[in-house]
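Below is one structure, written out as structure tokens, with a few remarks after it.
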């Protein structure tokens, strides 16, 4: 009988499911925004600002951004785990990716609520 040593963190099903759920969130947001923009497109900066200052669009956009950032994290982390064999380099790349995504989250929050 061959015994395999456990390797990796075994994210597997949880992250696979998270990728699918975040993709569905992004599809629904995109469809909603497309319909909204086709129905009543803003033509000026004031129109765009009014669109995103609404109490419904702003939290919906925040949910989209969280879904997008988590989707990106899982995808890029899996790329690093699959193709970068050196553990130190992989850790550095994952840390850099995480820092960039945190920066993007802060930047998006500033844009939405700043």
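The values are calculated or read from the model by the stated rules, or taken from the named source; none is laboratory data. Computed from a prediction, not measured in an experiment: that's the story for all the values here. Cβ coordinates were reconstructed from backbone atoms using ideal geometry, including for glycine residues, and neighbour counts include every protein chain displayed.
Could you count how many residues in the stretch 45-64 are assigned to a loop (DSSP other than H, G, I, E, B) and surrounded by 10 or more Cβ atoms within 10 Å (Cβ to Cβ)? Working first, answer last.
To start, the set of residues in the stretch 45-64 that are assigned to a loop (DSSP other than H, G, I, E, B) comprises 53-56.
Restricting the remaining residues to those that are surrounded by 10 or more Cβ atoms within 10 Å (Cβ to Cβ) gives 53-54.
Of the residues in that region, 2 qualify.
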Among (1) surrounded by 12 or more Cβ atoms within 10 Å (Cβ to Cβ); (2) outside any helix (DSSP H, G or I), which single condition is residue 67 missing?
-> (2)
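Does residue 42 satisfy the criteria of being surrounded by 11 or more Cβ atoms within 10 Å (Cβ to Cβ), outside any helix (DSSP H, G or I) and either touching a strand residue (DSSP E or B) at 6+ places or on another chain (Cβ under 6 Å) or at pLDDT below 95 (or both)?
yes
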